[in-house]
Amino acid sequence: RDICDMLKEKHRLIVVSQQASRLSELLEDEDLTAPALSELTRLPSPGSLSLVQGSLPQGWVMRGDRITNLFTDDELFGFTKQRRLLKKRPVRSGISVSDISPGDYVVHIEHGIAKFSGMVKMAIDGVEREYLTLKYAAGDRFYVPTDQVDRISRYIGPRGEPPTLSRLGTQEWSRAKQRVKQSARDTAQKLLTLYASREVIPGFAFSRDTAWQQELEASFPYMETPDQMEAVQKVKQDMEKSKPMDRLVCGDVGYGKTEVALRAAFKAVMDGMQVAVLVPTTVLAQQHFATFTQRLTAFPIKVEMLSRFRSDNEQRGIIQSLTNGTVDICIGTHRLLQNDVVFKNLGLVVIDEEQRFGVAHKERLKRMREEVDVLTLSATPIPRTLHMSLAGVRDMSTMETPPEERLPIKTRISEYNEPLIQEAILRELDRNGQVFFVHNRVQSISRVAARLRELVPEAEIAIAHGQRRAEDRELPPLDFSKGRFDVLVCTTIIESGLDMPNVNTMIVNESDKLGLAQLYQLRGRVGRGSN
């Protein structure tokens, strides 16, 4: 109505939007013709409307012989997506001499595991060169020229026990490599049998994007990264094929994988199919349920959650709704994999953090995978999943670009130091921030919280762990997210899914007792806000 009134008064109207194509369709429904343009080369005539694809922070009004109005997404929708030009960081392969120190364990591709002893200079045939000295079993030494450093890689294995050094001049290393090759062939044969059946069995070919799909994606309040948009497009292309999709979206913690899954789920529901979102923890299920419900509230889509947070009566009602098809999207923990859960028309399975599920659960998933589309999300995929993706058995999309407000995470390793802990907590309180204190021992977590109250009496401290009663388990994280507490003393229950931008400090007690994937997930809980 405003546009029609302005055009009648011969105003020039220019709309600069990142949703110019969709706006053109909406205006056409109101008998207003305005094709989306990539640029304006001259001043529009009075009484005209021009739509330009682009982004500006704010609009303006310029008065002259005729009034010129420029509108942006900020005036139309209340926010502007800021586009950033980011360079991808190159991924380093192999190691350099500066990456290893004397005493480190390394692996030579032809001779096996050794200990790096240092660098030496030797003259051979009158030519002096630098060599890496590798120490093997029985005191054997092997000298590697620096121009062949690409044949050496750092040894990666369990901490605590040093590896057994290889023996030069024997077939030990060759036999070990042969055993690994044979094991890989056996595993590949089993997996290829499964995935060959998926190639033969036809799946459901989803339709192209609807107008509602465009409106949902336009309502995303952040600027999508290039990697995120590429992942979304790849997932949609897979879903539109008759072959069942099996794609891994691999991205760092907090890089927007959930938004990729949400758009895929919406696309499936638009074709009348149901979606199962499988997550490893009740906390993550609650987080996803809140996210999906909030984003889809404007659409006639029924979202439910199936976990221990639901009573027995509620669970029976949800399962009945899944069977008769009245629930479109169900987010759940391992409860979704039990035999009494039957979907009327399952079209898409989203698996968040696949590495957290056991063998029995994956066997149940395999039966699903022969017929339905599967989308797997992970920041730390298990080696087999990652290898299948890299080998081309499964499709993979990587997301390497951090989102707009993602802050670089600074990590400091220290012995237990109460003055340091006190300083870190007080610094966060001074900026009105909050703190995670991770202590992964339920038996002693109350004692640790009591000590923190003595160190920082001005802080409000809460405790959260997975052994609380089901009805009480969600309360501390929920109250913490609402700012009622300053410090949350917790186990690794928070490692997946929690999105609390106000928490920019995390203290991990006894971090040496946690796994690498756990620590990586935990780091992703901080640095998610712009403050």
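The values are calculated or read from the model by the stated rules, or taken from the named source; none is laboratory data. Remember, predicted model here, so these are calculated numbers, not experimental data. All Cβ positions, glycine included, derive from the backbone under ideal geometry; neighbour counts span all protein chains shown. The protein model used for the area step is the full one, side chains on, heavy atoms only, and it has no ligands, DNA or RNA in it. Shrake-Rupley method; radii C 1.70, N 1.55, O 1.52, S 1.80 Å.
Things to note:
- When peptides 327-339, 124-136 are sorted by average Cβ neighbour count within 10 Å, with the highest value leading, the order is 327-339, 124-136.
- Here region 501-523 and region 1-53 have alpha carbon centers that stand 51 Å from each other.
- Cα-based shape type of region 230-283, given that a ≥ b ≥ c are square roots of the gyration tensor eigenvalues and the cut on a/c is 1.5: oblate
- Taking amide H atoms as placed 1.01 Å from N in the peptide plane, the amide H of K302 lies under 5 Å from those of D328, I329, each 5 or more residues away in sequence or on another chain.
- Net length available on complete extension from D147 to T170 is 5.7 nm, with 0.36 nm assigned per residue and the Cα-Cα distance removed.
- Cα long-axis angle, helix 226-239 against the chain (0 to 90 degrees, to the nearest 10): 80 degrees
- With Cα atoms, 0 to 90° folded angle of helix 172-200 axis to the chain main axis: 30 degrees
- When all protein chains stay in place and ligands, DNA and RNA are ignored, the 1.4 Å accessible-area order of W173, W60, largest first, is W60, W173.
- Mean Cα-pair separation over length for the chain, i.e. relative contact order, pairs under 8 Å, 6 or more apart, %: 11 percent
- Using alpha-carbon coordinates, inclination of helix 445-455 to the longest axis of the chain, degrees: 80 degrees
- Reported label for calculated Cα Rg over 2.2 N^0.38 Å given (i) 0.98; (ii) 1.19; (iii) 0.90: (ii)
- Rolling a 1.4 Å probe over the protein heavy atoms leaves E458 with an accessible area of roughly 110 Å².
- Separation of the alpha carbons by more than 26 angstrom is noted, of K234/K410; K115/K181; K241/K344, for K234/K410.
- R22 contributes an accessible area of around 40 Å² to the protein surface, as traced by a 1.4 Å probe with all chains present.
- The figure for R523 is an accessible area of roughly 90 square angstrom, using a 1.4 Å probe on the protein chains alone.
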